[in-house]
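The values are calculated or read from the model by the stated rules, or taken from the named source; none is laboratory data. Keep in mind the model is a prediction, meaning the values are calculated, not measured. Because the Cβ atoms are built from the backbone with ideal geometry, glycine has one as well, and the counts that use them run over all protein chains shown. Keep in mind that these areas ignore ligands, DNA and RNA; they rest on the heavy atoms of the full protein, side chains included. Shrake-Rupley method; radii C 1.70, N 1.55, O 1.52, S 1.80 Å.
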Amino acid sequence: DGGITQSPKYLFRKEGQNVTLSCEQNLNHDAMYWYRQDPGQGLRLIYYSQIVNDFQKGDIAEGYSVSREKKESFPLTVTSAQKNPTAFYLCASSSTEQETQYFGPGTRLLVL
Amino acid sequence: GNSVTQMEGPVTLSEEAFLTINCTYTATGYPSLFWYVQYPGEGLQLLLKATKADDKGSNKGFEATYRKETTSFHLEKGSVQVSDSAVYFCALNTNAGKSTFGDGTTLTVKP
């Protein structure tokens, strides 16, 4: 079955620590996205990538970093510079920029 | 820049009631428009979409028509069920690669 997976489901971060959220897709999609969702709010775009080895900042990129070394993988690192990281993080992919986005199940990040 | 404005929630309806969730947008160019649904603790799933003016998207009894003249894409369903309880997001994509989502509307359907 084709799909998009995220791991872990829950992640705990200590003060000053960097953590990396995994996102993998086997849909052969070119475009991948990372969103942040806060309680009762919509999705805010962190980073997106339209092709391997290239990515662009979204609306709230500060304190986050990404890489796109392989077509199927788009990991997100939440750095210690992100002072309020507690949120639900969603990864998505699409075949082109205008097409339907397919979402993973999400990772909930909590700060200890 | 692009923006999507959705009807504020929460919306509470009785089973078999008629549903409308309003969505209006501003965008440069010719965006594709989408409705996604999110169940508790999960990611978003596509509900329906429309890629050009006057297109009607439909799925599972839900419908929305792409109205360029009013820049709207309102979601409707004639008879809601308890299982339709979820958060609904209106969104647009442009060929610039960035997607814009509304803030979401929480729907609760009571038996």
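Accessible area per residue for segment A:20-112 is 43 Å², calculated with a 1.4 Å probe on protein heavy atoms, without ligands, DNA or RNA. Interface size, chains A and B: roughly 1700 Å² of accessible area buried, both sides included, 1.4 Å probe, rounded to the nearest 100.
Towards the positive end of the charge dipole of segment A:1-67, with charges on Cβ (+1 Lys, Arg; -1 Asp, Glu), say which of A:Gly40, A:Gln25, A:Phe12 has the farthest Cα. It is A:Phe12.
Taking all protein chains as present, what is the carbon and sulfur share of the accessible area of chain A, in % to the nearest whole number, probe 1.4 Å? Solvent-exposed carbon and sulfur of chain A make up 47 percent of the total. With the convex hull of its Cα atoms as the shape, chain B has an orientation-averaged projected area of 6.6 nm². Here is the list for segment B:39-96: trypsin sites (Lys or Arg not before Pro) lying in DSSP coil, each with at most 15 other C-beta atoms within 10 angstrom of its C-beta, are B:Lys52, B:Lys60, B:Lys68. Relative to the Cα centre, the charge distribution of segment B:1-110, modelled as +1 at Lys and Arg Cβ and -1 at Asp and Glu Cβ, gives a dipole magnitude of about 300 debye. Rounded to the nearest 20, the Cβ-based charge dipole of the protein assembly as shown about its Cα centre (Lys and Arg +1, Asp and Glu -1) stands at 420 debye.
Solvent-accessible surface of chain B, taken per residue with a 1.4 Å probe and all protein chains present: 48 Å². Across chain A, the longest run free of exposed loop sites, meaning GluC sites (Glu not before Pro) lying outside DSSP classes H, G, I, E and B with no more than 11 other Cβ atoms within 10 Å, spans A:16-61. Here the contact order of segment A:37-85, divided by its residue count and restricted to Cα pairs under 8 Å and six or more residues apart, works out to 27 percent. Can you give me the relative contact order of segment B:20-109 as a percent, contacts being Cα pairs under 8 Å and 6 or more apart? Relative contact order for segment B:20-109 comes out at 30 percent.
Mean partner shielding of peptide A:37-44, defined as the number of other chain Cβ atoms within 10 Å of each residue Cβ, is 5. Modelled this way, with points 7 Å down the Cα-to-C-beta line, the labels at B:Val82 and B:Ala17 are 1.6 nm from one another.
Here the accessible area is traced with a 1.4 Å probe on the protein chains. For chain B, carbon and sulfur cover 47 percent of it. Summary: within chain B, the longest segment free of GluC sites (Glu not before Pro) located in DSSP loops with at most 13 other C-beta atoms within 10 Å is B:17-68. Beta-bridge orientation, chain A: approximately 90 percent antiparallel, per DSSP, counting only bridges with both partners inside.
What percent do you get for the relative contact order of chain A when only Cα pairs under 8 Å and 6+ apart count? Across chain A, relative contact order equals 35 percent. Per-residue 3J(HN,Hα) values for segment B:39-48, derived from phi via the Karplus relation 6.51 cos²θ - 1.76 cosθ + 1.60 with θ = phi - 60°, read 8, x, x, 10, x, 8, 10, 5, 9, 6 Hz in sequence order (x marks Gly and Pro).
Overall, chain A carries a charge dipole of about 460 debye about its Cα centre when +1 sits on the Cβ of Lys and Arg and -1 on the Cβ of Asp and Glu, all other atoms neutral.
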